[in-house]
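Structure record follows, encoded as structure tokens.
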Amino acid sequence: MFYGGDYNPEQWPEEVQEEDVALMREAGVTAVTVGVFAWSRLEPSEGEYDFAWLDRVLDRLHDGGIEVVLATPTASPPPWFTLAHPAGLPVNADGVRLTHGSRDTYCVSSPEYRAAALRIAGELGRRYARHPALAMWHVHNEYGTDCRCDLTAAAFRTWLEKRHGSLAALNEAWTTAFWSQRYSDWAQIMPPRATQYLPNPAHVLDFRRFLSDSFLDAFVSQRDLLRTFDPSIPITTNFVQGDWVSVDHARWAEEVDLVAVDHYPDSAGMSAEEQTAFAGDLARSWGGGRWLLMETAPNLIYTPGRMHAKEPGRMIRHSLGYVARGSAGAMYFQWRQPLGGAELFHSAMVPHAGPDSPVFREAVSLGRILENLPPLGDPPRSEVAVTWDAQSWWALQGAGLPSADIDYAAAVRQAHRALYRAGVPTDFVFPGLPLDLDPYRMVVAPHLYLVSDRAADAFQQFVAAGGHLVTGALSGIAEPSTRVIPGGYPGAFREASGVRVTEWHPLDPATPIALDDGSAAHGWSERVELAGATAWARYAGGVLDGEPAITRQEFGRGVFWYVSAGLDDESWRRLLGVVAAEAGVSPLVPDLPPGVEAIRRGSLLFLLNHSSSEFRGIAAGSFAVVEGQGWKALR
Ligand code: GAL
């Protein structure tokens, strides 16, 4: 069980470390992440190293019985690097070369940056691979810096040649006949940079794919180097999510020894619990069952406009939520709150107020709870899966789409939330990888915009074999190249869905539309022709009055549902409840009141009471961990 957080002793006088280790022991901390942003301290000038302080940190932690997740510091090149090697700095889409002053100022396509990164990683590997405190390598931090410099342009062209094989194939895939963009030489292709009007969506999407592969290449080169020093030490890097991140985590998951995820819910109340469940289910599915929460906030967290605080008990409940969903522990950003620097008010396990504080007391309680958990088995596989497809997400962030309100991640979150609220355990599946849908009775595929032939076949076979598939708006539209599948939407799923969509009617999200089964929708509607399916619900009012809105088709031994309207949360919950019942899927624990969450891991059932009322002896804001069906015995 990993319990601890990012530890930055380089920010403090050495005496503080004695207190740190004593407090870590008091809190039951088992591991800390060291060195994430310590490059300028470890290599104060090019090729000159200072490891003595880190030796003492690792020795002291080891003496205190605390393990170390040792980071390579390559996310934050020091000022000397950026001055000596300006080509290693990122250039943004406007052609502006960034400089140091923040963090993550690097370009993974720069040979100078890559060489410097491998050099410091190699020095760390040589020196610490056999240190008794070392539990895991943590390469870099949250890969994601987007660079559009000339070196990146050259690397992008090489990547494109490999992907497309020929310029003719690229021209076809990118539809360069539109707006006279036909390329007659690879050298003409640039990374997407500031341009006059809408960029070519296929160009933009390929660039994001390229970035994901380039970051992965940078990770793999450090990983392979570190492995040469001691292959038994697991190696990971922390995944981060956000609209800006060009990392296809499902693919990356195959390259790390343990999936590690940073997760910061960006709101308070039940939304934070729902986000926690979403992140935990996604990470568990990336990791094939096992993963590690590498960072979250113990208390105040940066959110747009204003930080919000976690109320007492939430740090514990969130951590248990992640652990119940398969995390090998709970790690925080950060151990001790810094007195300066850009994130000086971001929360920590030891805050500015010191250990005599609610957050440290909660950290101590959490340590006891984690220490005393019975042995944890594996999380069981769910009977329901939701699709997560990074490439459809990126494609739906492009320009030229029919509505600025299209939000892939929000659509997937909404589907997951509906299942969460219905108490139905949920996995994620990744259509960009070979799909194994056999374990599932029901799959929900929101906004699955890009669909390969292979994925389309897998979904069709899933339904034919008895599965229940729910998809709809903006799904099955285009091939992975982004070229539309003609003949009516949802092109890739036309046969199995039994519908043919001939027109989209984007709507103002503020204007609700009604369906005749009582469902409410907003933001999106479509003209749906029945081509075998039957109408489950029809539009009531507006231009589409009386036209099918939700359809159902029996296909083979299963059922294909098509949802054309942007349903609200309650309507999604009701519809998915109907589908789940038909599919023979039931909640993990029946009849839980809102705000009470049940999660199974091995033989243990975690019951988290996020509500403000007591539930069967579990106080508001508290939790219980019971064996097997033990919840039935709770009063
Ligand atoms: C993470 C990052 C940490 C810290 C944290 C603040 O994304 O890895 O270094 O910045 O966010 O929430």
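Some notes on this structure:
- Relative to the current alpha-carbon distance between residue 168 and residue 103, full extension at 0.36 nm per residue lengthens the span by 19.4 nm.
- Contact order relative to length of the chain, as percent, for alpha carbon pairs under 8 angstrom and 6 or more apart: 10
- Applying a DSSP loop filter and a limit of 15 other Cβ atoms within 10 Å to the trypsin sites (Lys or Arg not before Pro) in segment 249-299 leaves 290.
- Förster radius 22 Å - calculated FRET efficiency between residue 1 and residue 436, Cβ distance, rounded to 0.05: 0.15
- Dipole of the chain [Lys/Arg +1, Asp/Glu -1 at C-beta], most positive-end residue of 505, 347, 33: 505
- Value at 222 nm in deg cm²/dmol, rounded to 500, when DSSP H runs of n ≥ 4 in the chain each add -39,500 (n - 2.57): -10000 deg cm²/dmol
- Cysteines in the chain that lack a partner Cβ within the 4.7 Å cut-off: 149.
- With a Förster radius of 45 Å applied to the beta-carbon distance between residue 361 and residue 55, the computed FRET efficiency rounds to 0.85.
- Residue 555 long-range amide H proximity, modeled H, under 5 Å: 560
- Sequence ranges 387-394, 26-33, ranked by mean other-Cβ count within 10 angstrom, highest first: 387-394, 26-33
- Working from label points 7 Å from Cα in the Cα-to-Cβ sense, the residue 93 to residue 217 distance is 2.3 nm.
- At most 11 other Cβ within 10 Å, DSSP loop - chymotrypsin sites (Phe, Trp or Tyr not before Pro), segment 224-293: 244
- Expressed as a whole percent, the accessible area of segment 587-635 that falls on carbon and sulfur atoms is 53 (1.4 Å probe).
- Highest average first, the peptides 265-276, 187-198 ordered by how many other beta carbon atoms sit within 10 Å of their residues are 265-276, 187-198.
- Only beta bridges with both residues in segment 384-583 are counted; by DSSP, about 60 percent of them are antiparallel.
- Per-residue Karplus couplings for segment 63-72, computed as 6.51 cos²θ - 1.76 cosθ + 1.60 with θ equal to phi - 60°, are listed in order as 4, x, x, 10, 7, 10, 9, 9, 8, 8 Hz, Gly and Pro entered as x.
- Positive minus negative residues near residue 28 (Lys, Arg vs Asp, Glu; Cβ under 11 Å): 0
- Computed from backbone phi with θ = phi - 60° and the Karplus coefficients 6.51, -1.76 and 1.60, the 3J(HN,Hα) list for segment 247-255 is 10, 8, 4, 4, 6, 4, 4, 6, 9 Hz; x is used for glycine and proline.
- Overall, the accessible surface of segment 270-357 at a probe of 1.4 angstrom is composed of carbon and sulfur to the extent of 59 percent.
- Packing, as the average of other Cβ atoms within 10 Å across residues, places the peptides 579-589, 508-518 in the order 579-589, 508-518, highest first.
- Each residue of segment 4-10 is assigned a 3J(HN,Hα), and the resulting list reads x, x, 5, 10, 10, x, 5 Hz, derived from the Karplus form 6.51 cos²θ - 1.76 cosθ + 1.60 (θ = phi - 60°), x at Gly and Pro.
- Once the 1.4 Å probe is applied to the protein heavy atoms, the chain comes out at 39 Å² accessible per residue.
- Low-density loop positions, trypsin sites (Lys or Arg not before Pro), segment 555-600 - DSSP coil, at most 14 other Cβ in 10 Å: 557
The values are calculated or read from the model by the stated rules, or taken from the named source; none is laboratory data. Keep in mind that this is a model prediction, so the values were computed, not measured. Methodologically, a virtual Cβ is constructed for each residue, glycine included, from the backbone with ideal geometry; neighbour enumeration extends over all protein chains shown. Side chains are part of the model used for accessible areas, which takes the heavy atoms of the whole protein and leaves out ligands, DNA and RNA. Shrake-Rupley method; radii C 1.70, N 1.55, O 1.52, S 1.80 Å.
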